[in-house]
Amino acid sequence: MATEMEGSAPAATPAQQPHDELAEIRAEVAAGRPLVGSLAARFHRAVGAIDPAATEDSLAVLPGNRGVHLYDSLIAWASLVAGDQVLDLGCGSGGATRAAARVVGEEGMVVGIDVSPECIAEATARTPAGAPVLYRRGDITRLGAFGDRTFAGVVASMVLDHVDDLAPLLAEVFRVLRPGGRLVASVMSFDHLRPMDASFMGSVLAVVGRRAPGALAGRASRASIPHEPRDLRAFKDAGLATVEELDVQLAVLMEDVDQAWSVFGRTYIAQILDAEGQEELRRVLARRMPHTLYLPVRFLRTRRPG
Ligand SMILES: C[S@@+](CC[C@H](N)C(=O)[O-])C[C@H]1O[C@@H](n2cnc3c(N)ncnc32)[C@H](O)[C@@H]1O
């Protein structure tokens, strides 16, 4: 199996640089520049550098309906077996990578790739020595380092929402999957909010609309994956089987604004706001307390036929 990724990101940056970068991006988005394409990629890079374990620490700890867990439930759905080779796309701090490694065991191997060197460092630090895991820095839209028909499973936990055009990525996923191999992914599915949660999120997004209007462009304005026609077409054109969907909810129990901020403060929603915007968001959240938000997450599963 290849271990070096092509198209790696530039070398690690001094600690202040992602904060300066984020301030610049926030100013552009506040002025209305759509948060898509390279601007969105820069934003995700900067936030990942500052808070590389945000998803694992704030979402993967939330209780899910019927015992669902963000990583373990997704990996269980992939039907992996001991000895399998698995690729984790956009591995972040490695939560899903390690969940997959527990299933494939020492005869197997899980490769986690992420564009952010800070995420790779965090994932490495959180992974026990000797685990069947390799972390590599690289871009998930360029999988040329991996051979055809290599993996029994490809995992994409909370990362497809970062990809504007799924078509080239899914074509590559098809190529690196073995026939019969599975892709499992989790995405946000905000079009499945309960009415009272839609009203809650509406007040949150009103702050974003006022303070960072460019953030309401791109994926934020589309149907959740895979329902937008171009996304559905991307799965089909890649040659992947019909996508199965499992809608689950993670419960965010918020007694007070500090509890709310421990989750919201680490989301992209808060991070696209400058300090004043974040203060306004805290005030809006405070007015809605207490509230239990059922955060809708969709698991997707498909496979390379054969
Ligand atoms: C929301 S986080 C999810 C992290 C992890 N999969 C999890 O569920 O905890 C998305 C991750 O995808 C990474 N990412 C986004 N676009 C990427 C790309 N084009 N190539 C590689 N990694 C990417 C980010 O750096 C970030 O770590």
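In this Cβ point-charge picture (+1 for Lys and Arg, -1 for Asp and Glu), the chain has a dipole of about 680 debye about its Cα centre. What's the percent breakdown of Cα-Cα distances in the range 8-131 across 5 Å bins, shortest bin first? Bin by bin from 0 Å, the calculated values are 2, 10, 17, 18, 17, 14, 10, 7, 3, 1, 0. When both the range 208-223 and the range 18-85 are represented by their alpha-carbon centers, they are found 17 Å apart. Evaluated on the range 158-229, the Kirkwood hydrodynamic radius is 14.4 Å, with distances taken between all distinct Cα atoms. Share of pairwise Cα-Cα distances greater than 27 Å in the chain is 41 percent (whole percent). Since only L39, V133, T302 are under comparison, the one whose Cα sits farthest along the positive direction of the charge dipole of the range 17-303, derived from C-beta charges on Lys, Arg, Asp and Glu, is T302.
Evaluate 2.2 N^0.38 Å with N set to the residue count of the range 240-306, then give the Cα radius of gyration divided by it.
Numbers: Rg = 17.0 Å, N = 67, 2.2 N^0.38 = 10.9 Å.
That ratio works out to 1.56.
Under the criterion of Cα pairs below 8 Å and six or more residues apart, the relative contact order for the range 17-303 equals 22 percent.
DSSP assigns beta bridges within the chain; of those with both partners inside it, close to 50 percent run antiparallel. How far is helix 95-104 tilted off the main Cα axis of the chain, in degrees rounded to 10, range 0 to 90? The angle comes out near 20 degrees.
Quick note: the coordinates plus some simple rules give every number you see, no bench work behind them. These numbers were taken from a predicted model, which means no experiment stands behind them. Methodologically, a virtual Cβ is constructed for each residue, glycine included, from the backbone with ideal geometry; neighbour enumeration extends over all protein chains shown.
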